[in-house]
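Q: Take a look at the following structure, please.
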Amino acid sequence: MAAIVSSVEYIDWRAGSTAVMTAEQFPFYETKAERELARHTFGQLSSVVIVDDVATITIDDVVTTLVLADIKNCICEIAEYLFQAEQAQASGMTSFSNDGQSGSYDVSRFAGKNEIRSIAKIYLFGTVLLRAGVDVWHG
């Protein structure tokens with residue numbers, strides 16, 4: 001399965017600001033982000049068909065057009081979240097002090113899967129991707 005977002009699209013998405021990861025690092029985290037988004041969309045992400053920059057999904061014989069940019073933006077943001085969470089976890093630093101130098105990491109943003117769900121809701125709220133027969137997205 002081809003990636004939904006390319007490294008070039010990620011760098012373009014970050015236009016005007018510094019990218020959190022390099023174009024070389026992005027494919028790994030894009031794949032992880034797609035898997036997380038697929039989990040949070042109840043597997044429906046794999047049913048999305050992209051042709052000529054138009055995303056559609058068929059559920060119960062009903063074809064729905066989705067905003068492809070929202071899906072791509074969501075994947076980029078989740079990829080960045082996963083990258084930053086991994087970096088924070090790898091460093092393990094909670095505080096540091098040495099002769100006038102100090103530092104600490106606030107890892108509360110990387111507290112768990114709720115952040116990924118929140119990102120998905122920002123971009124995909126109200127779409128069929130966040131429905132699983134019943135509305136489970138309370139709050």
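Q: Does residue 30 satisfy the criteria of being closer than 16 Å to residue 124 by Cα, acidic (Asp, Glu) and under 16 Å from the mean Cα position of the chain (by Cα)? Let's see the steps before the verdict.
A: Working: closer than 16 Å to residue 124 by Cα: no; acidic (Asp, Glu): yes; under 16 Å from the mean Cα position of the chain (by Cα): yes.
Criteria not met by residue 30.
Q: Can you tell me which residues in region 59-71 are surrounded by fewer than 21 Cβ atoms within 10 Å (Cβ to Cβ) and assigned to a helix (DSSP H, G or I)? Talk me through it step by step, then tell me what you get.
A: So the first thing to find is which residues in region 59-71 are surrounded by fewer than 21 Cβ atoms within 10 Å (Cβ to Cβ), and the list is 59-70.
Those that are surrounded by fewer than 21 Cβ atoms within 10 Å (Cβ to Cβ) and assigned to a helix (DSSP H, G or I): 68, 69, 70.
Q: For region 29-51, indicate whether the set of residues that are among the hydrophobic types (A, V, I, L, M, F, W, C), in a loop (DSSP other than H, G, I, E, B) and in contact with an Asp or Glu (Cβ under 9 Å, 6 or more places away or on another chain) is non-empty. Give the steps one after another, and end with the answer.
A: Filtering region 29-51 for residues among the hydrophobic types (A, V, I, L, M, F, W, C) gives 33, 37-38, 42, 45, 48-51.
Still in the running and in a loop (DSSP other than H, G, I, E, B): 42, 48.
Filter once more, so that each one left must be in contact with an Asp or Glu (Cβ under 9 Å, 6 or more places away or on another chain): none.
The answer is no; no qualifying residue exists.
Q: Would you please name the residue that is nearest to residue 76 (Cα to Cα), looking only at residues in region 28-48 that are among the small types (Gly, Ala, Ser) and surrounded by 14 or more Cβ atoms within 10 Å (Cβ to Cβ)?
A: In the first step, residues of region 28-48 are kept if they are among the small types (Gly, Ala, Ser); the result is 33, 38, 43, 46-47.
Subsequent filtering for residues that are surrounded by 14 or more Cβ atoms within 10 Å (Cβ to Cβ) retains 33, 38, 47.
On the way: 33: 8, 38: 14, 47: 19 Å.
The qualifying residue nearest to residue 76 (Cα to Cα) is 33.
Q: Right, here's the next one. Taking the residues in region 1-27 that are more than 15 Å from the chain's Cα centre (by Cα) and either within 12 Å of residue 83 (Cβ to Cβ) or acidic (Asp, Glu) (or both) as candidates, determine which candidate is surrounded by the most Cβ atoms within 10 Å (Cβ to Cβ).
A: Kept after step one, since they are more than 15 Å from the chain's Cα centre (by Cα), are these residues of region 1-27: 1-2, 8, 12, 15-18, 22-24.
Narrowing the set further to residues that are either within 12 Å of residue 83 (Cβ to Cβ) or acidic (Asp, Glu) (or both) leaves 12, 22, 24.
Details: 12: 13, 22: 11, 24: 8.
If we take residues in region 1-27 being more than 15 Å from the chain's Cα centre (by Cα) and either within 12 Å of residue 83 (Cβ to Cβ) or acidic (Asp, Glu) (or both), then 12 is surrounded by the most Cβ atoms within 10 Å (Cβ to Cβ).
Q: If only one of 64, 94 is out of contact with any Pro (no Cβ under 9 Å at 6 or more places or on another chain), modelled with pLDDT of 85 or more and of a type in the set (S, T, N, Q), which one is it? Even if it seems obvious, please write down each step before you answer.
A: Working: 94 fails: modelled with pLDDT of 85 or more.
Going through 64, 94 in turn, just one is out of contact with any Pro (no Cβ under 9 Å at 6 or more places or on another chain), modelled with pLDDT of 85 or more and of a type in the set (S, T, N, Q): 64.
Q: Please identify the pairs in which a residue from region 68-80 that is of a type in the set (Lys, Arg) has its Cβ atom under 6 Å from the Cβ atom of a residue that is buried (at least 23 other Cβ atoms within 10 Å of the Cβ) and at pLDDT below 95, counting only partners at least 6 apart or on another chain.
A: Taking only residues 6 or more apart or on different chains, not a single pair turns up.
Q: Okay, next question. Failed condition for residue 51, given (1) modelled with pLDDT under 90; (2) more than 14 Å from residue 129 (Cα to Cα); (3) of a type in the set (A, V, I, L, M, F, W, C); (4) loosely packed, with under 11 Cβ neighbours inside 10 Å, with all others met?
A: The single condition residue 51 does not satisfy is (1).
The values are calculated or read from the model by the stated rules, or taken from the named source; none is laboratory data. Since this is a predicted model, take the numbers as computed values, not measurements. Note that each Cβ is placed from the backbone with ideal geometry, even for glycine, and that neighbours are counted across all protein chains shown.
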